[in-house]
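The values are calculated or read from the model by the stated rules, or taken from the named source; none is laboratory data. Treat the numbers as computed from the prediction; the structure is a model and nothing was measured. Here the Cβ is made from the backbone with ideal geometry for all residues, glycine too, and neighbour counts use every protein chain on show.
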Amino acid sequence: GVYKSVVLTTLFYGAETWTLYRKHINQLDAFHMRCLRNVANIKPSDHIHNSQVLTKCNTSGIEAILIKI
């Protein structure tokens, strides 16, 4: 969808040259999850686990996406 083609493409621009540390991966993952929750209209008060959000949005976590790059 639009999220994958616009947001993730922009987010990962130049990622092949990055040196990523766990802190950076965690920050990218937090941003990714916030965006997915926003797109799926999931409120923080809904208390839905990240794995359920990923399933609902039919996507993977940031770490899995980064491995594919």
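For this structure, a couple of remarks:
- Residues of the stretch 32-59 satisfying the condition of being under 16 Å from Val2 (Cα atoms) and part of a helix (DSSP H, G or I): His32, Met33, Arg34, Cys35, Leu36, Arg37, Asn38, Val39, Leu54, Lys56
- Pairs meeting the criteria (first residue in the stretch 44-66 and under 21 Å from His24 (Cβ atoms), second residue loosely packed, with under 13 Cβ neighbours inside 10 Å, beta carbons under 6 Å, at least 6 apart or on different chains) are lacking.
- Failed item, numbered, when Asn41 is tested on (1) modelled with pLDDT of 95 or more; (2) surrounded by 10 or more Cβ atoms within 10 Å (Cβ to Cβ): (2)
- Residues in the stretch 14-28 that are of a type outside the set (S, T, N, Q) and either on the phi > 0 side of the Ramachandran plot or outside any helix (DSSP H, G or I) (or both): Gly14, Trp18, Leu20, Tyr21.
- Tally, over the stretch 27-47, of residues that are closer than 16 Å to Phe12 by Cβ and among the acidic types (Asp, Glu): 1
- All of (1) surrounded by 12 or more Cβ atoms within 10 Å (Cβ to Cβ); (2) in contact with a helix residue (DSSP H, G or I) (Cβ under 8 Å, 6 or more places away or on another chain) hold for Ile69 with one exception: (1).
- Number of the condition not met by Thr17 [criteria: (1) surrounded by 14 or more Cβ atoms within 10 Å (Cβ to Cβ); (2) modelled with pLDDT under 95]: (1)
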